[in-house]
Amino acid sequence: MSARAPGTLVRPARDADAAAIAAIYTQGIEDRIATFETRPRTAEEMTAWLAAKAGRHPVVVAERGGRVVAWAAADTYRPRECYDGVAECSVYAARDARRTGGAGGTDRGLRGGGLLEARVAHLPRERREPAALRAARVP
């Protein structure tokens, strides 16, 4: 993927990023700025989390100088069929990277990089557009 903010490279997350993702998420938990979670996360937990998301919901990281400074992830919005293809996004930045554009770059990396669209495009039309909506459409 391409750079989004000066000096920032936004790319898909890898297992090797799990420790940095855990550290950034734990900072968000400690600072109480973006989650109601209360328990710090470990690299092992985040590795399992990345594996569980593989193929369904993208996770991207922002790197500056070879260091992960932010991450963003898409996840299921609601389990109901009518929300298939709809995702909610979480964005976290390291304390020292907040308000520097890196986190915004990850958000744009999810949307602008086509990662979210690619996950929806593979679904059959019936899953992208539930029956109730198809039936309501005027020919």
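The values are calculated or read from the model by the stated rules, or taken from the named source; none is laboratory data. None of these values were measured; they are calculated from a predicted model. Every residue, glycine as well, gets a Cβ built from its backbone with ideal geometry; the counts of neighbours run over all protein chains shown. Keep in mind that these areas ignore ligands, DNA and RNA; they rest on the heavy atoms of the full protein, side chains included. Shrake-Rupley method; radii C 1.70, N 1.55, O 1.52, S 1.80 Å.
With respect to PRO139, is the statement that it is at pLDDT below 55 and open to solvent by less than 40 Å² (accessible area, probe 1.4 Å) true?
Spelling it out, it is not the case that PRO139 is at pLDDT below 55 and open to solvent by less than 40 Å² (accessible area, probe 1.4 Å).
Restricting to region 68-102, what's the tally of residues that are of a type in the set (Ser, Thr, Tyr) and closer than 24 Å to ARG11 by Cβ?
So the count comes out to 4.
Counting just the residues of region 85-96 that are touching a helix residue (DSSP H, G or I) at 6+ places or on another chain (Cβ under 7 Å) and either crowded, with 16+ Cβ neighbours inside 10 Å or modelled with pLDDT under 90 (or both), which one comes out farthest from GLU30 (Cα to Cα)?
Restricting to residues being touching a helix residue (DSSP H, G or I) at 6+ places or on another chain (Cβ under 7 Å) and either crowded, with 16+ Cβ neighbours inside 10 Å or modelled with pLDDT under 90 (or both), the top hit is GLY85.
Which residue pairs have Cβ atoms closer than 7 Å, lie 6 or more positions apart in sequence or on different chains, and pair a first residue in region 14-36 that is more than 18 Å from ALA52 (Cα to Cα) with a second residue that is open to solvent by 20 Å² or more (accessible area, probe 1.4 Å) and in a helix (DSSP H, G or I)?
Qualifying pairs under 7 Å: GLN27/ARG95.
Can you tell me which residues in region 19-60 are surrounded by 17 or more Cβ atoms within 10 Å (Cβ to Cβ), at pLDDT below 90 and either touching a Pro at 6+ places or on another chain (Cβ under 8 Å) or β-branched (Val, Ile, Thr) (or both)?
The answer is PRO58, and nothing else.
Counting only residues that are over 17 Å from the mean Cα position of the chain (by Cα) and open to solvent by less than 70 Å² (accessible area, probe 1.4 Å), which one in region 61-82 is modelled with the lowest pLDDT?
CYS82
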